Every structure is written in C-alpha cells, then in structure tokens.
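Notes follow once the structure below has been shown.
The values are calculated or read from the model by the stated rules, or taken from the named source; none is laboratory data. Since this is a predicted model, take the numbers as computed values, not measurements. With ideal geometry, Cβ positions are generated from the backbone for all residues, glycine too; neighbour counts draw on all protein chains shown. The accessibility values were calculated without ligands, DNA or RNA, using every heavy atom of the protein model including side chains. Shrake-Rupley method; radii C 1.70, N 1.55, O 1.52, S 1.80 Å.
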Amino acid sequence: NKLVRQAANYAVNKNAIVQVYGGPTIAAAANQVVLPGNVGYIKNFNLYPNNNGNGDPAKSKALLAKAGYAKGLSIKLLYSTTDPGPRVAQALQASLDKGGFNVKLVPATQADFYGKYLLDVSTAKRDVWDIAPPGWIPDWFGNNGRSVVQPLFSSPGNGSSDYGNYNSAVFNGYVNKALTATSQDQAAAYWQKANAQIMKDAATVPVEIQKETAYHSSRVQGCLFFFWDLNCDPTQVWIKG
C-alpha cells in the first residue's frame, strides 16, 4: 500500500540513525536514493519532509488512517545482529512505533540477513519480514546509475539486490533511456527522473549517507581510496624511506 510506504517515510527518525553511525561529522540524513556526488542526484529534493530528519509521527498516523489503519499497523523489521544492526533496528522501531506502526524485530545473522532473507523473495511473501535496513556502496563513483539505481530497483526476483521486489514500468523506461543516452548529460537527466520516480512510488525509505575513514601512516605514499576494501588501493602504495 503506497500510503503505508509514504507513512514510513514520514515516521522514521533519520537523525537517530545518523547518531548510530557516528554523528553529523561523518553521516547525514538522506531523502533520495542517489546520494551527492553520484549521477542522478537531485539537489534539495525531498518529497517527504519530516521535521528536518527527526520524524513526523502525526503525518505518519494520518496517512496510516487514510490507508485504513487508524488503529495502527503491525510490521516485522528484519535486522542483522552484527553491530550496529541492533542499534539501528531499535532506533527504527522507536520512531516507527511513534508513527502508528507496531514493529516486531526479527533478528538474523549477517550472512542470513542477506543470503537467507533479502535475496529470497519467498521469505517476504511468507510474511517472515516486511522491512529491513540493508546498506549499499556503489561499485564506482561519478557516472554510476548502473551501479546504484539499476541494481537496487529494476531487477526483482530471487538473488537480486532489488530487495523490495520493486517493478515499475515508468521507472524501467527511464532506466532504459539512461542506458541508451548519447551523452552523459542526457543520461544524468534520465537517472534523475528514475531517482524521483522511486521516491514518488515510496519504494524505499532512504535513511542516511555515511563517509568512510581510511587511516594510514605519514610514511605511506600514493594512498588512493579503493572502495572495494574501503581503504588505500594496495597496488598503488609505497613506503617513504
């Protein structure tokens, strides 16, 4: 129910999750799927303003009532037991409960969280879980719609990273036009349309953006950030004598 998904977007206290991940110095609330520095990002885009990321319980309850759940709605939140998974789950539960949901937590090991549940469509269809907080790191930066928007929202089915099984003809049309565009500017415009469509459909609740910190000795030279291991590219470094 789209109204229920919209209610969740209003209810979640994103700033509480930001604190779990280290605070505003290294993390920030997110209002769209595509994050700053990636193709398709839309500046100042926020379809569900919720008190600057603190959550809007009243708006959430109003939407749930409109959807037919004036007395609340019970949902199951799947989470990884690997830290900070439990703390994220508790923060989500607290804000969603304030917004009219009744959240039951469903714990899973990190391996089962993805392998047994998120990648197996049947588990959601059997009502094992309703929502979950997975993370995502793009395979490359810059012109990367194919590594962010496309895998997360255009390939429903078992084994897919489209964890919510989202499938929209309108969205898919934008993706196809982005992939066949004749210029990067043209592609970026379609990635933006695809990004906006995801949020219009309330297919997900973007929660937070976080930076990764790579520490190294001052003697280490050539430290180019390598996103596969979130540290220096080991093939590019040398030690200063």
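Toward the positive end of the charge dipole of segment 1-76, with +1 on the Cβ of Lys and Arg and -1 on the Cβ of Asp and Glu, the farthest Cα among 74, 44, 11 is that of 74. Segment 108-131 and segment 33-103 have Cα centres lying 19 Å from one another. Cross-link candidates for residue 59: which lysines have Cα within less than 20 Å, leaving aside residues fewer than 8 places away along the same chain? Filter leaves 2, 14, 71, 98, 200.
In segment 76-130, taking the dipole from charged Cβ atoms about the Cα centre, the farthest positive-side position among 102, 89, 115 is held by 102.
On segment 131-241, 52 percent of the accessible area sits on carbon and sulfur atoms, based on a 1.4 Å probe.
For the chain, what is the percent of antiparallel DSSP beta bridges, rounded to the nearest 5? The partial results should precede the final answer.
Values: 7 of 17 bridges.
Within the chain, antiparallel bridges account for around 40 percent of the total.
Working note: 222 nm ellipticity from helices only, DSSP H runs with n ≥ 4, each -39,500 (n - 2.57), summed and divided by the residues of the chain, gives -10000 deg cm²/dmol to the nearest 500. Return the tail of the calculated pair distribution for segment 100-241, meaning the percent of Cα-Cα pairs more than 26 Å apart. That tail contains 42 percent of the Cα-Cα pairs. Each principal axis of the Cα cloud of segment 5-76 was taken in turn, and the coordinate range along them, longest first, works out to 40, 26, 23 Å. Overall shape: prolate for the chain, with the ratio a/c of the largest to smallest alpha carbon gyration tensor axis at 1.5 or above and a/b above b/c. For the residues 53, 115, 40, a GNM of the chain with alpha-carbon springs under 10 Å puts the largest fluctuation on 115.
Could you please report the charge total around residue 128, scoring K, R as +1 and D, E as -1 over all other residues with beta-carbon less than 13 angstrom from its beta-carbon?
Values: positive: 76, 104, 116, 125, 126; negative: 112, 120, 127, 130.
Neighbourhood net charge equals +1.
If you take all other residues with their beta carbon under 13 Å from the beta carbon of residue 176, and give Lys and Arg +1 and Asp and Glu -1, the sum is +3.
For the chain, what's the relative contact order in percent, using C-alpha pairs closer than 8 Å and at least 6 residues apart?
Relative contact order comes out at 24 percent.
Placing unit charges on the Cβ atoms only, positive for Lys and Arg and negative for Asp and Glu, gives the chain a dipole magnitude near 660 debye about its Cα centre. Per residue, the accessible area of the chain comes to 54 Å², computed with a 1.4 Å probe over protein heavy atoms only. Of all lysines in the structure, those lying under 20 Å Cα to Cα from residue 116, and not within fewer than 8 positions of it along the same chain, are 76, 104, 125. With all projection directions averaged, the alpha carbon convex hull of segment 63-167 covers 7.8 nm².
Compactness of segment 40-80 was expressed as the Cα radius of gyration divided by 2.2 N^0.38 Å, which yields 1.53.
Scattering from segment 62-114 was approximated by placing one identical point on each alpha carbon and applying the Debye formula without solvent; log10 I(q)/I(0) at 0.21, 0.24 1/Å stands at -0.72, -0.83. If you take all other residues with their beta carbon under 13 Å from the beta carbon of residue 156, and give Lys and Arg +1 and Asp and Glu -1, the sum is -1.
Let me make sure I get this right: for segment 143-225, a, b and c are the square roots of the gyration tensor eigenvalues over alpha carbons, sorted descending. Under 1.5 in a/c it's rounded, otherwise prolate if a/b > b/c, else oblate. Which is it?
The shape class here is prolate.
Calculate, for residue 179 and residue 26, the FRET efficiency according to 1/(1 + (r/R0)^6) with r their C-beta to C-beta distance and R0 22 Å; round to the nearest 0.05. Numbers along the way, then the final one.
Numbers: r = 33 Å, r/R0 = 1.50.
Efficiency, rounded to the nearest 0.05: 0.10.
What a 1.4 Å probe finds exposed on segment 18-92 is 51% carbon and sulfur by accessible area, rounded to a whole percent.
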